[in-house]
Amino acid sequence: MKCYKKLSFAWLLGLMLWLSGCVGIPDGITPVTGFQADRYLGKWYEVARLDHSFERGLEHVTAEYSLREDGDIRVINRGYNTAKQKQEEAEGRAKFVGAQDVGQLKVSFFGPFYGGYNIVELDPNYQYALIAGNDREYLWILSRTPQLDVAVQQRLVDKAKSLGFATDKLIFVKQ
């Protein structure tokens, strides 16, 4: 019985350490400073992303951010599932990892499990953003409009490539 308790505790400790690692930021990447959450709120269109299972097959993807009563940020992600021929929606919660003027947050769509949401570049007018996850497997380009200026889009792709992201695997989202 003692062995079982030790194993359970070790497993729980390992899980906690693993989960805490999911809200980090990739080595060599710095989140923006001077971030103003109230200016970031509202609707964003997903211009491009690296592939991952929870968005696979989705088109017309948007993210909408609003302030919650508790000070956290409500996240509503929507997209059209082409295989199922229907709109899908997921609601989550974002929290700041540290100071609220730094674009480093953690986002959860599944209870206590959080992932990194790191704003790597943000337009001074809050019209486009480059977002990295907790590692280089997660990357998004967001815009306030369904299409982003081609030169701006290419500059963001180039920046992501210079930061070590596999930009040749980007999916450009049909809006």
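The values are calculated or read from the model by the stated rules, or taken from the named source; none is laboratory data. Worth saying up front: this structure is predicted, and the values here are computed from it rather than measured. Reconstructed Cβ throughout: ideal geometry from the backbone, glycine too, with neighbour counts over all protein chains shown. When the accessible area is computed, the model is the full protein with side chains, heavy atoms only, and any ligands, DNA or RNA have been set aside. Shrake-Rupley method; radii C 1.70, N 1.55, O 1.52, S 1.80 Å.
What to note about this one:
- Checked across region 54-69, the condition of being surrounded by fewer than 15 Cβ atoms within 10 Å (Cβ to Cβ), in contact with a Gly (Cβ under 7 Å, 6 or more places away or on another chain) and modelled with pLDDT under 95 holds for no residue.
- Taking first residues from region 146-175 that are open to solvent by 30 Å² or more (accessible area, probe 1.4 Å) and partners that are among the acidic types (Asp, Glu) and not in a loop (DSSP other than H, G, I, E, B), the Cβ contacts under 7 Å between residues at least 6 apart in sequence or on separate chains come to 159/121; 174/59.
- Each residue in region 102-138 was checked for being open to solvent by 30 Å² or more (accessible area, probe 1.4 Å) and on the phi > 0 side of the Ramachandran plot, and 1 of them qualify.
- Condition met for residue 84 (in contact (Cβ under 8 Å) with a residue 60 or more places away in the chain, among the basic types (Lys, Arg) and surrounded by fewer than 16 Cβ atoms within 10 Å (Cβ to Cβ)): no
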